[in-house]
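J.: Quick one: the structure is below, and I'll ask about it shortly.
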Amino acid sequence: MALFKVMAAKDGKHAWKADGVNPKTGREITLKGGEAKHRGKWGTQGGKSEGQVKSYFARHAGNDSPKGYINDLNWRLGSRIGKTVNIPNSRF
């Protein structure tokens, strides 16, 4: 498991960024994702309907990347901004 700290992205293009270490290479990396205008509006906690949440998971079912893992958590559990996330090594 790789520990990543998720925070709000300040580049104006993304909703979040996560800093951590790639367990396969040992290098520090930054992941970025989400649209800035949708920051904090993920899942039912962010005001989306159950149908919108199901649609998201149907569209992104094959995304096995570390970025996809954080996006999935945002949609399942609400915003992860300001929290740490353990990403499975198999996602790298």
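The values are calculated or read from the model by the stated rules, or taken from the named source; none is laboratory data. Since the model is a prediction, treat every value here as computed from it, not as a measurement. Note: ideal-geometry Cβ built from the backbone for every residue, glycine included; neighbour counts use all protein chains shown. Surface areas here come from the heavy atoms of the whole protein model, side chains and all, with no ligands, DNA or RNA. Shrake-Rupley method; radii C 1.70, N 1.55, O 1.52, S 1.80 Å.
J.: Being under 20 Å from residue 78 (Cα atoms) and in contact with a Phe, Trp or Tyr (Cβ under 7 Å, 6 or more places away or on another chain) is the filter here, so list the residues in the stretch 8-26 that pass it.
T.: Scanning the stretch 8-26 gives 8, 9, 18, 19.
J.: Yes or no: the stretch 18-25 includes at least one residue that is surrounded by 12 or more Cβ atoms within 10 Å (Cβ to Cβ) and under 11 Å from the mean Cα position of the chain (by Cα).
T.: Let us first name the residues in the stretch 18-25 that are surrounded by 12 or more Cβ atoms within 10 Å (Cβ to Cβ), namely 18-23.
Now restrict to residues that are under 11 Å from the mean Cα position of the chain (by Cα): 18.
Within the stretch 18-25 (the criterion being surrounded by 12 or more Cβ atoms within 10 Å (Cβ to Cβ) and under 11 Å from the mean Cα position of the chain (by Cα)), the answer is yes, since at least one residue qualifies.
J.: So which residues in the stretch 39-92 are at pLDDT below 90, open to solvent by 40 Å² or more (accessible area, probe 1.4 Å) and part of a helix (DSSP H, G or I), if there are any at all?
T.: Correct list: 44, 45.
J.: Residue by residue through the stretch 26-38, note down the ones that are surrounded by fewer than 17 Cβ atoms within 10 Å (Cβ to Cβ) and either in contact (Cβ under 8 Å) with a residue 40 or more places away in the chain or outside any helix (DSSP H, G or I) (or both). Before the answer, list the steps.
T.: Going residue by residue through the stretch 26-38, those that are surrounded by fewer than 17 Cβ atoms within 10 Å (Cβ to Cβ) are 26-30, 32, 35-38.
Matches in the stretch 26-38: 26, 27, 28, 29, 30, 32, 35.
J.: Restricting attention to the stretch 1-17, and to residues there that are charged (D, E, K, R) and either under 13 Å from the mean Cα position of the chain (by Cα) or not in a loop (DSSP other than H, G, I, E, B) (or both), which single residue is surrounded by the most Cβ atoms within 10 Å (Cβ to Cβ)?
T.: Here is the first cut: in the stretch 1-17, the ones charged (D, E, K, R) are 5, 10-11, 13, 17.
Remaining after also requiring either under 13 Å from the mean Cα position of the chain (by Cα) or not in a loop (DSSP other than H, G, I, E, B) (or both): 5, 17.
Details: 5: 13, 17: 20.
That would be 17.
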